[in-house]
Structure formats: C-alpha cells, structure tokens
C-alpha cells in the first residue's frame with residue numbers, strides 16, 4: 001500500500017516499531033505523555049481504544065500534515081486488566097496467575113489524520129493459553145527484566161515468553177503488540193475515505 005502522508009507512531013514500544021517496519025512502512029517516532037491508567041468502569045475494548053486515541057491525539061496537536069498512530073495493549077484474565085507490571089513482584093504475580101490458564105490480549109489502535117482531524121480506531125482480541133509454569137521459571141524470566149515493559153508481564157516473541165505459550169487463537173501479531181492485518185486494512189480504507 002502506498003501511504004500518501006508521513007506516518008508518526010505515538011509509541012515507545014520497540015515491538016510496534018519492528019512490526020511496522022516489517023510491512024515496509026517508514027515512520028517517525030514521537031513518545032506520547034499519556035499515562036496508561038485503566039478505567040475499571042469500562043470494558044477492556046473501551047480502555048484500549050480510549051488510550052490509543054488519547055496517545056494519537058496527544059501527538060497530533062503539534063502536527064500539521066500526517067497520519068498519527070496510537071496503540072495500547074492489555075492482558076485480561078478473569079476480569080482483571082493487566083498492563084505493564086509495577087515491579088518484579090507484580091510481574092511474578094501476573095505470570096503465576098496466567099500459568100496453566102487461558103487469557104485474552106486486547107490491542108486497540110487509533111489513526112488520526114491531520115489536517116482533517118478525522119479519527120478511526122479498532123480493536124483486536126486474541127486468546128492465549130499458557131502451559132503450567134514452575135516458580136523457578138517465572139523467577140528466572142522476571143530476573144531477566146524482559147517482563148518490565150510488557151502488558152501481562154510477558155512477550156510471546158521473547159526467549160522465555162515464547163515457551164510459556166501453549167497455543168493461541170487469533171492474531172499472533174496482536175499478542176506481540178500490534179495487530180498488523182487489521183491495522184493495514186483499516187488504514188487502507190481510511191485513506192480512501194479522506195481522499
């Protein structure tokens with residue numbers, strides 16, 4: 001797809017950057033100052049879309065001509081929304097909770113067009129099943145510091161995180177942090193609408 005404008009990614013996530021590069025996009029990175037705080041009165045879908053839009057709009061206010069992309073990922077287990085762990089103890093608690101069970105990964109993304117200020121957003125949901133994890137494995141992984149910046153305290157693309165996952169149902173890239181196919185189709189349609 002030929003993108004008709006500059007793309008700005010409002011995210012510090014190295015995974016999102018790699019995924020966008022993978023599909024041949026050139027983009028600029030701007031870090032949003034939006035805090036990732038969940039509203040417990042809202043659904044996981046509403047939370048990730050609200051945060052994705054807030055991040056994109058935060059950067060868009062200083063931009064004249066571009067597509068600005070915001071995104072947010074959370075892991076949900078039995079109604080608990082898990083973002084990035086607060087510390088090593090929190091990472092251990094999250095992984096212990098996910099052990100041997102199925103959870104859902106929600107990624108919301110938003111695209112803001114400048115100068116029109118039109119916005120489109122979408123969400124992808126993937127089910128992930130963990131095998132039973134031993135405490136020593138979890139501690140070893142936490143010690144590596146890999147869980148620190150990841151929703152649910154794991155990365156499916158990591159050395160260790162990859163062997164925690166028994167199976168997934170849905171978009172693999174969503175679990176990495178950005179649903180490439182849904183994003184690509186959404187941007188394609190959005191470009192045509194604003195042309």
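Quick note: the coordinates plus some simple rules give every number you see, no bench work behind them. Fair warning: this is a prediction, and the values are worked out from it, not measured in the lab. Methodologically, a virtual Cβ is constructed for each residue, glycine included, from the backbone with ideal geometry; neighbour enumeration extends over all protein chains shown.
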#### Entry: P(r) of the range 44-107 over all Cα-Cα pairs, binned every 5 Å from zero, in whole percent
4, 17, 21, 17, 14, 11, 7, 5, 3, 0
### Message
Could you tell me the center-to-center distance, by alpha carbons, between the range 2-35 and the range 66-87 in angstrom?
### Response
17 Å
### Message
Once the convex hull of the alpha carbons of the range 1-60 is built, what does its volume come to per residue, in cubic angstrom?
### Response
100 Å³
#### Entry: Helix 180-194 axis, angle to the chain major axis (alpha carbon atoms, nearest 10°)
20 degrees
### Query
On full extension of the chain, what length is gained from residue 31 through residue 99, given 0.36 nm per residue of separation minus the C-alpha to C-alpha distance?
21.2 nm
### Summary
Per the 1/(1 + (r/R0)^6) rule, R0 = 41 Å and r from the Cβ atoms of residue 117 and residue 145, FRET efficiency to 0.05 is 0.55
### Message
Cut-off 19 Å, label point 7 angstrom out along Cα-to-Cβ of residue 1: give me the residues of the range 11-38 whose amide nitrogen falls inside.
### Response
11, 16-29
### Task
Take the alpha carbon atoms of the range 143-184, find their center, do the same for the range 107-139, and report the distance between the two centers in whole angstrom.
9 Å
## Note on the structure
Listed residues 67, 172, 109; largest mean-square fluctuation, Gaussian network over the chain with Cα springs below 10 Å, found at 172
#### Entry: Per-residue Cβ neighbour rank within 10 angstrom, fewest leading, 3, 48
3, 48
### Task
Going by C-beta contacts inside 10 Å, put 81, 1, 94 in order with the fewest on the left.
1, 81, 94
### Message
With angles folded into 0 to 90 degrees, how steeply does helix 88-98 sit against the dominant principal axis of the chain? Use alpha carbons for both and round to 10.
### Response
80 degrees
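Given the rule -39500 (n - 2.57) for each run of at least 4 DSSP H residues, summed and divided by the residues of the chain, what is its mean residue ellipticity at 222 nm, to the nearest 500 deg cm²/dmol?
-10500 deg cm²/dmol, from helical runs alone.
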### Summary
Mean projected area (nm²) from the convex hull of Cα positions in the range 7-194 is 10.2 nm²
